[in-house]
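The values are calculated or read from the model by the stated rules, or taken from the named source; none is laboratory data. None of the values given here were measured: they were computed from a predicted structure. Using ideal geometry, Cβ is built from the backbone for each residue, glycine included, and neighbour counts are taken over all protein chains shown. Just so you know, the surface numbers come from the protein's heavy atoms only, side chains and all, with ligands and any DNA or RNA stripped out. Shrake-Rupley method; radii C 1.70, N 1.55, O 1.52, S 1.80 Å.
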Amino acid sequence: MTDSPEQEYDPGDVAVIGMSLRAPGARTKEEFWDNLVHGRESVSFLTKDDIHVDETLIHSPFYVRACGVLDTYDKFDPSVFGISDRMAARMTPENRLYLESAWESLEDGGYDPDRLKAEVGMYGANNPQTAAQYSSPPDRVSVGPEAIEASLAWSPDTMTSNALYYMGLTGEAVTVAAVCAGFHYAVHLACQSLLLGQSDLAIAGGALVRLPHPRGHLWEENRILSRDGHCRPFDANGTGTALSSGVVTVLLKPLGRAVADRDHVYAVVRGSAVNNNGVSAMAYGLAQPERLSACIAAAMEVGGVTPDTVSMYEANGLGLPMTDELEVHAATMAFGKQTATTSIGGVKGNVGHGGVVSGGFGAVKAALALYHRTLPATINLTEVNPDLDFPSTPFVPQIEGAHWDPEAGIRRAGVTSIGGGGYNAHLLLEEAPTPAERAPEEAGRPWLATLSAMDDDALARQRTRLRERLEADPGLRLDDVCFTLNLGRKVMARRWAAVVRSREELIAALSDDGARGPATSTAAAPRTDPDAFARTGDGIVPAGRDAGALAELAAAWVTGRQVDFDALHLGEAGRRVPLPTYPFQPRRFWRTDW
């Protein structure tokens, strides 16, 4: 592992500094990781009453009532983005999910879109079929304002440009069409933009809602959908996978810049590669081992790493023996003969196949495995397929969870995604560099912590979520928390602030429903003298750093004054840390007829 972030970083390294995920059984990446380490399967097995479509199929002996159900797939909080209810109803579910997820990734990275002076590339994959199933294409007989609005809300192409617009950002906007490899292609293109200097930051991801939702599938022999609804990667009894929905986005920045900006780094994209089988495919839509192998090897070559240092391989892993054999064969050719052992796993056993976002599930699993130094088990793997001949490969199935202690001394993970139509993609991830040592927090020093939301109910949920995070993670430093809250959150109408000297004081202030003690809020703030503060071009600054001066600043801020928080934290050692993101209050926006 890197000993010091002061070193010269490889100019090709890209840091993952923020992540957002919604998957079957998980509304957050933290819930997703908890499901993985506890071996939970999140594919739902539906009753007939759960399924309101497929009436002519549901009694077929080959109809499988299994689905990766996405909670709140039909809901959205338009108020945060200034979107009207009419526009929200017209937006496809993937447009809405991607927008909220992109916001969460930016906040998870500790950045406020209103104060971000950067070109932000926006890359995302979606499923054009979803838009067609959600509603008919807008009527383009007229090209007046209403028709244009409907087109922008409905079109799969505008998913990324909508995200830039409604988040108040500028930069590139590219909506990717690469079927089930879409997430990986989005990340690959985002990294290219960052490395070419076209973007300062990039958000990349994918969103898919299978419509109608929820529904089962028809099983057909030797096809990718499972006979019993369970996905069993690398298992002799595997019959395929179930279909699921979800959204994943990641916030990316060149690693050297991320370290200099005191960003939190989950993992590093060391290399990426994409290709297509073209005419070389054995059968159109199936993996072609030589082409997939070339893609995996290219990502390692781009990253300048040798296969024996890659100790985790997150497979595409459909759970169908034929496709698993093709993938393991391809990966073995790319890794070559080596003595080191590489863990191999597949997240589709947990959440099913999420189409364009399936690679995102695998990438988040790998990034969090690097972050937590833990290899989650591959569930539903009870009888390893002997035809895979794992003893003659570099791979060992990860049947049980384990601490990740690599032989090479550094943790690296390869993540493969394969799309119908011959799309291959591979991401090579590496653990984050060790942060530089710094002085302990100043004991007894007062700090200003701020929160804001659209309304008092959301503000109360903000306080609860932050308190719960502080209680759950005793390693969070107070200076980091305040630095992140003050600089990394959009300022909204209803506000809360506290001047505290310790984590314990902050937890107590967050728990107190009154406006006494160290906390003050919009609803009950004392008056302040507008001439009592110095000003910069970005707002007022306190007269000092003592508790009294900060309390006056807090009172001014909660009553609507603009504060120059950059000046407040000038010269301090605070770092951005992951904290709870905005508590969206989603309402249902959905058509009722199919």
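Below is a table of values for the structure above.
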item: First in the stretch 528-542 and over 12 Å from Gln562 (Cβ atoms), second anywhere and surrounded by 17 or more Cβ atoms within 10 Å (Cβ to Cβ) and of a type outside the set (A, V, I, L, M), Cβ under 6 Å, 6 or more apart; result: Thr528/Glu552
item: Leu251 vs. criteria modelled with pLDDT under 95, open to solvent by less than 10 Å² (accessible area, probe 1.4 Å) and either part of a helix (DSSP H, G or I) or farther than 26 Å from Ile399 by Cα (or both); result: no
item: The stretch 272-285 residues that are surrounded by 15 or more Cβ atoms within 10 Å (Cβ to Cβ), paired with ones that are β-branched (Val, Ile, Thr) (beta carbon under 8 Å, 6 or more apart); result: Ser272/Val187; Ser272/Val302; Ala273/Ile296; Ala273/Val302
item: Strands (runs of 3 or more DSSP E) fully within the stretch 375-493 counting 3 or more residues that are closer than 21 Å to Gly349 by Cα and either open to solvent by 20 Å² or more (accessible area, probe 1.4 Å) or charged (D, E, K, R) (or both); result: none
item: Whichever residue in the stretch 95-134 is of a type in the set (A, V, I, L, M) and either assigned to a strand (DSSP E or B) or surrounded by fewer than 17 Cβ atoms within 10 Å (Cβ to Cβ) (or both) and, among such residues, is modelled with the lowest pLDDT; result: Ala132
item: Residue in the stretch 66-86 that is crowded, with 24+ Cβ neighbours inside 10 Å and within 29 Å of Pro254 (Cβ to Cβ) present; result: no
item: Residue count, the stretch 289-332 (criterion: part of a helix (DSSP H, G or I), open to solvent by 30 Å² or more (accessible area, probe 1.4 Å) and more than 21 Å from Gln398 (Cβ to Cβ)); result: 8
item: Filter result for Arg40 (surrounded by fewer than 16 Cβ atoms within 10 Å (Cβ to Cβ), modelled with pLDDT of 95 or more and in contact with a Gly (Cβ under 7 Å, 6 or more places away or on another chain)); result: yes
item: Test: Val541 is farther than 30 Å from Phe76 by Cβ, modelled with pLDDT of 90 or more and open to solvent by less than 60 Å² (accessible area, probe 1.4 Å); result: yes
item: Qualifying residue in the stretch 49-61 (condition: in a helix (DSSP H, G or I), open to solvent by less than 20 Å² (accessible area, probe 1.4 Å), of a type outside the set (Asp, Glu) and in contact (Cβ under 8 Å) with a residue 40 or more places away in the chain); result: no
item: Selection status of Ala555, of a type in the set (Gly, Ala, Ser), open to solvent by less than 10 Å² (accessible area, probe 1.4 Å) and more than 22 Å from Ala443 (Cα to Cα); result: yes
item: Thr160 vs. criteria within 21 Å of His188 (Cβ to Cβ) and among the β-branched types (Val, Ile, Thr); result: yes
item: Residues of the stretch 156-192 satisfying the condition of being in contact with a strand residue (DSSP E or B) (Cβ under 7 Å, 6 or more places away or on another chain), closer than 22 Å to Asp112 by Cβ and not acidic (Asp, Glu); result: Thr160, Ser161, Ala163, Leu164, Leu169, Thr170, Gly171, Ala173, Ala190
item: Qualifying residue in the stretch 204-225 (condition: acidic (Asp, Glu), open to solvent by 60 Å² or more (accessible area, probe 1.4 Å) and within 30 Å of Ile51 (Cβ to Cβ)); result: yes
item: Members of the stretch 189-203 that are hydrophobic (A, V, I, L, M, F, W, C) and either part of a loop (DSSP other than H, G, I, E, B) or surrounded by 19 or more Cβ atoms within 10 Å (Cβ to Cβ) (or both); result: Leu189, Ala190, Cys191, Leu194, Leu196, Leu201, Ala202, Ile203
item: Restricting the stretch 29-60 to residues that are of a type outside the set (Gly, Ala, Ser) and touching a Leu at 6+ places or on another chain (Cβ under 8 Å), the residue that is nearest to Gly216 (Cα to Cα); result: Leu57
item: Scan of the stretch 10-43 for residues that are part of a loop (DSSP other than H, G, I, E, B), without any contact (Cβ under 8 Å) to a residue 24 or more places away in the chain and out of contact with any Lys or Arg (no Cβ under 9 Å at 6 or more places or on another chain), ordered by number; result: His38
item: From the options Pro145, Pro233, residue that is more than 17 Å from Gly124 (Cα to Cα) and buried (at least 23 other Cβ atoms within 10 Å of the Cβ); result: Pro233
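Residue by residue, here is whether (1) among the small types (Gly, Ala, Ser); (2) under 17 Å from Asp261 (Cα atoms) holds:
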| residue | (1), (2) |
| --- | --- |
| Asp546 | no, no |
| Ala549 | yes, no |
| Ala554 | yes, no |
| Arg561 | no, no |
| Arg575 | no, yes |
| Pro583 | no, no |
| Arg587 | no, no |
